[in-house]
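To start, the structure itself, in structure tokens.
The values are calculated or read from the model by the stated rules, or taken from the named source; none is laboratory data. What you see is a predicted model, and the numbers here were worked out from it, not measured in a lab. All Cβ positions, glycine included, derive from the backbone under ideal geometry; neighbour counts span all protein chains shown.
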Protein chains: 2
Amino acid sequence: MNGEAGAEGAAGFDPAGLLRVGEGFRLADVDPNSAPGFDGGKDEGAQLLASADDALSELQEKLFAQSRFGATDSVLLVLQAMDTAGKGGIVRHVIGSVDPQGVKHRAFKAPTIEERARGFLWRIEQALPPDGIIGVFDRSHYEEVLIHRVRGLSPLAEVEQRYAMINEFEAKVAASGTRIIKVMLHISKEEQEKRLKERLDRPDKYWKYNPGDVDDRAFWDEYQHAYQLVFERTSTEVAPWYVVPADRKWYARIAVQQLLIGTLAAIDPQWPKATFDVESEKRRLEES
Amino acid sequence: MNGEAGAEGAAGFDPAGLLRVGEGFRLADVDPNSAPGFDGGKDEGAQLLASADDALSELQEKLFAQSRFGATDSVLLVLQAMDTAGKGGIVRHVIGSVDPQGVKHRAFKAPTIEERARGFLWRIEQALPPDGIIGVFDRSHYEEVLIHRVRGLSPLAEVEQRYAMINEFEAKVAASGTRIIKVMLHISKEEQEKRLKERLDRPDKYWKYNPGDVDDRAFWDEYQHAYQLVFERTSTEVAPWYVVPADRKWYARIAVQQLLIGTLAAIDPQWPKATFDVESEKRRLEES
């Protein structure tokens, strides 16, 4: 079950199977305010987030350690969402608990002219995590079939070709040892309004506000449809999509944390064995 | 006072002036087991570390925010040390409290042939933090005047030329808006022995043990001398060195944390003002 996440959810919370996009998935059927698989509320969620930090950290350190001795496994977490859905909060509160040495984070903005000239997957390939590293993409190549479709930034015929190109690319990445977890944080239009309103109410949040976000709200349904197409066409065995209800931030965080833990547990990284004679090194050290 | 750190140490702890390398500095006079400027012990240190997280995080977020609106300030923390001195712990426990989106971490190993062909500062320049980002170098261009001098990896005449090249390079980096903090974590040979021994006693630490570390202990005095030369020749107004006693890990962490806080406070980053009309955006949002 390559790429399968959630094998060992803490405290019995194992959302991978519940959130994974499968046959017949319909985004419209997912309630952004739900908390699949989790019985507790906000406080229990915060407790789980804190208590699972150690498991995530140890798995990450093992992943990193074994890569120093030739293991080629790595992990790539792709985050996609409508604005304000909480990508930044996932990075801060889930990825933030992991040793910065073991993380490669990349936020993708609109490509530069130079980047575009090289094909839309070129800069993605450059940003892939090296062996032993957890890569995090805040937005990704999926913008090329989301905003490009909705806002007509590329001819539709080109957009249509990209799904297959993406699948081919991701299959190659997975074959090289990178487990791919693709997450869409799913918020409601109402929750987005609340969060945008908060940015307008707080001067320390103005910098996060972009008038274009309100423009995009007029295309809400078109975006949901574009996401639906993404799920139908690019949720594969080696690079599955997970749709994470995100109106409750605490739920989205524990869900993504468990997806990461499950993926790392499936890799089952091991502390490298000594490549030296421990006893003779102890003697050498004493004499040094 | 460009590059001055420690202007606003929390709880009155302001180690910058005490640790900064100035005229007549002698590494041999610094006790690796000391805790300059801090009256408390390990517990108080841990408390300070935790309580100062918020100040560091808020300053970092402001630094990042203002860069989205054109500010060009950034920070570069350079970490150098003998093996086991705790560079990794600084990254994990000090930098680890900062939003991963705002950090660019780079560990430098021996350069590849391709890198070397471009000159020793080329890959350093590639790794500099973009505007608004805190860059962290785990080892750096200083290896070129440390191990290269001690182990004769380059002809001495070449090593001798590098100090001036480094100063010129760092002056250019500083002039572009990057505050440079250079930290040497200073441990004793005895403390290193203890830490290496621990790596040999614990199978989950074997991967961090390198027999070459014991070889290097035979060159301890030569390394200390090479550091002394580094301090004499490259501690400048715009890129000062700080020697941080590191036999007590907790002290090194709070000291580096305060150096960062002080440097960020001196930049005094500001929340960007709204570039839109707040009231009309609120109306647009309500109607969307």
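Computed quantities for the displayed model
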item	result
Test result for B:Val256, touching a strand residue (DSSP E or B) at 6+ places or on another chain (Cβ under 7 Å), within 14 Å of chain A (Cβ to nearest Cβ) and crowded, with 23+ Cβ neighbours inside 10 Å	yes
Residues within the stretch A:51-92 that are touching a strand residue (DSSP E or B) at 6+ places or on another chain (Cβ under 7 Å), closer than 14 Å to A:Val256 by Cα and of a type in the set (Gly, Ala, Ser), tallied	3
Residue tally, condition surrounded by 12 or more Cβ atoms within 10 Å (Cβ to Cβ), without any contact (Cβ under 8 Å) to a residue 24 or more places away in the chain and not in a helix (DSSP H, G or I), over the stretch B:23-60	2
The stretch A:97-131, residues that are of a type in the set (A, V, I, L, M), within 9 Å of chain B (Cβ to nearest Cβ) and not in a loop (DSSP other than H, G, I, E, B)	A:Val103, A:Ala107
Odd one out for A:Val94 among (1) more than 23 Å from A:Asp73 (Cβ to Cβ); (2) within 14 Å of chain B (Cβ to nearest Cβ); (3) crowded, with 17+ Cβ neighbours inside 10 Å	(1)
Flag for B:Lys172 being at pLDDT 95 or above, within 22 Å of the chain's Cα centre (by Cα), surrounded by fewer than 16 Cβ atoms within 10 Å (Cβ to Cβ) and assigned to a helix (DSSP H, G or I)	yes
B:Val243 within 14 Å of another protein chain (Cβ to nearest Cβ) and not charged (D, E, K, R)	no
Qualifying residue in the stretch A:196-217 (condition: touching a Pro at 6+ places or on another chain (Cβ under 9 Å), crowded, with 17+ Cβ neighbours inside 10 Å and not hydroxyl-bearing (Ser, Thr, Tyr))	yes
Any hit, the stretch B:41-55, residues being small (Gly, Ala, Ser), out of contact with any helix residue (DSSP H, G or I) (no Cβ under 8 Å at 6 or more places or on another chain) and more than 11 Å from chain A (Cβ to nearest Cβ)	yes
